[in-house]
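Novice: Sharing a structure below in structure tokens format, with a few things to ask.
The values are calculated or read from the model by the stated rules, or taken from the named source; none is laboratory data. No experiment lies behind these values; they were computed from the predicted model shown. Virtual Cβ from ideal backbone geometry, glycine too; neighbours counted across all protein chains shown. All accessible areas refer to the heavy atoms of the entire protein, side chains included, with ligands and DNA or RNA removed. Shrake-Rupley method; radii C 1.70, N 1.55, O 1.52, S 1.80 Å.
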Amino acid sequence: MKKLVLLALFVACVSFVFISCAGVAGGVEIIFDQNDPTAVKDGSVFAPNSLLKFAWSDPNGMPVVCDFILEKDGTTVEERTDVTEVVLTVEEEGVYKAYFIPANASGSRGIKIIGFTVNRMYEEL
């Protein structure tokens, strides 16, 4: 009987740990609106001095507060905290990555990354 109670207690503790970890890691899912023609999409190409809009939400369409980091060729060029949308101008050519880190996410599970390129040849087209 003691072994059964001890086994049940052990299973309950392990279940509690897995459920609590899954709840924290689940966090917030970021969705980028693919139907918004003004929003930047992964793999896009822009001309220098373009005005870029980054917009995101959760699966229910509600805004998600995120920290935003923009890197050009591996160097941080823009950093904003606690934003729900970002509009900015990129002036220099290069390969950019935009990081969206939900304010209430722990670890790297909630991070979304969009990559895009700024190229003068695109302007000439």
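Novice: Which condition number does N104 fail, the rest of (1) under 14 Å from the mean Cα position of the chain (by Cα); (2) assigned to a strand (DSSP E or B); (3) surrounded by 11 or more Cβ atoms within 10 Å (Cβ to Cβ) being met?
Specialist: (2)
Novice: Take the residues of the stretch 88-101 that are modelled with pLDDT under 95 and of a type in the set (V, I, T): which is least open to solvent (accessible area, probe 1.4 Å)?
Specialist: V90
Novice: Being without any contact (Cβ under 8 Å) to a residue 60 or more places away in the chain and touching a Leu at 6+ places or on another chain (Cβ under 9 Å) narrows it down to one residue among V83, V90, V95; which is it?
Specialist: V90
Novice: OK, next. Considering the stretch 34-48 alone, what residues qualify as being modelled with pLDDT under 90, open to solvent by 80 Å² or more (accessible area, probe 1.4 Å) and not β-branched (V, I, T)? Break it down stepwise before answering.
Specialist: Taking the stretch 34-48 first, the residues modelled with pLDDT under 90 are 34-39.
Narrowing the set further to residues that are open to solvent by 80 Å² or more (accessible area, probe 1.4 Å) leaves 34-35, 37-38.
Hits for the stretch 34-48 are Q34, N35, P37.
Novice: Are there any pairs, at least 6 apart or on different chains, whose C-beta atoms fall under 7 Å, with the first in the stretch 37-63 and on the phi > 0 side of the Ramachandran plot and the second in a strand (DSSP E or B), and if so, which?
Specialist: What qualifies is G43/G115; G43/F116; N49/T89.
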